[in-house]
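Following: one structure in structure tokens, then a few remarks.
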Amino acid sequence: MTIKKHSATHLLVRRAYGKVARTSSSCCPGSSCCGGPASKKGAEGEMGLSCGDPVAFSKLKKGMTVVDLGSGAGKDVFLAAEKVGAKGLSIGVDMTPEMLKLAAKNTEKFTRRTGLKNVEFRKGVIEKLPVKNSEADLIISNCVINLSPDKPAVFREAFRALKPGGAIVVSDIVLNRALPPALKKHVGLYAGCVAGALVREAYLCAIKAAGFAGLKLLSDRLYSASGTCSDPITEKAGKALDGAASSITVWAKKYNTSGGKK
């Protein structure tokens, strides 16, 4: 895909989620795009539009540095920040100005509530992360990578940003069968996590090709239109996608670069 097409896709997604941020719509009275649970009580950034739950699978420890790809209003960033504690760092990366503005407001609420100052939000695209080499112990993502026009690049960037021994835990949508051309071109379905998704085998292969090993499927649920709840983006997918896609959570590790395992 050309750079021009990359930019067009980023603009499409940025516009869609910028509109959501401006209208302050909330998701997750139940479950949505990635079929996860509702937002945790007390968590800031309750606009958890994708509603997967990578944090629950992450086994975060005090002092860790975690990076959330496509952090939006910050729901998962704040949940992770409480788990890594004052000596840890929780970083959110997002490209949408409106979401970053909302995340900044939520950060103030989070600090007042917890006393923690261990949260950062950085503007950037997930195909070129504003993160140093080997900066992160863990990288999470909540139904965002499927929106990228270059998913293999996202996984390569995640691999670069992780310390040896670090891991990714990503919740995402994968296709169980190829979509008809008309659906793949549908703007609402692309922004709604599905039209841009890869077939399952291609998605998992992209993770392995980036250098990750030890892949584990932590959750695997058939996508259901009835589970899209109040997400104003995802609900556009409609019944046409029932059975065509699944929401999965994947764990994979970056072993030491010499080839051995630690």
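Values in this text are rule-based calculations from the coordinates and carry no lab data. Quick caveat: nothing in here was measured; it's all calculated off a predicted structure. Cβ placement follows ideal geometry from the backbone for every residue including glycine, while neighbour counts extend to all protein chains displayed.
Summary of computed values
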item	result
Distant-in-sequence amide H partners of Thr65 (H built 1.01 Å from N, under 5 Å)	Leu89, Asp137, Leu138
Using θ = phi - 60° and Karplus 6.51 cos²θ - 1.76 cosθ + 1.60, couplings along region 133-140 (whole Hz; Gly, Pro as x)	4, 6, 7, 9, 8, 8, 10, 10
Sequence ranges 132-140, 203-211, ranked by mean other-Cβ count within 10 angstrom, highest first	132-140, 203-211
Spin-label zone in region 148-169 - amide nitrogen under 13 Å from a point set 7 Å from the Cα of Asn133 along the C-beta vector	160-164
Label-point separation in nm, Asn256 to Leu215, each point 7 Å along Cα→Cβ	2.6
5 angstrom amide H check on Ala245, placed H, neighbours 5+ away	Asn176, Tyr223
Distance between modelled label sites at Arg177 and Lys123, nm, 7 Å Cα→Cβ extension	4.4
Of Lys62/Lys151; Lys87/Lys253; Lys117/Lys163; Lys87/Lys109; Lys83/Lys151; Lys62/Lys109, pairs whose Cα-Cα distance is over 26 Å	Lys62/Lys151; Lys83/Lys151
Under-5 Å amide H pairs with Gly74, H placed in peptide plane, nonlocal only	none
Estimated vicinal HN-Hα couplings, Hz - region 69-79 in sequence order (Karplus 6.51, -1.76, 1.60; Gly, Pro = x)	7, x, 7, x, 6, x, 3, 6, 4, 5, 4
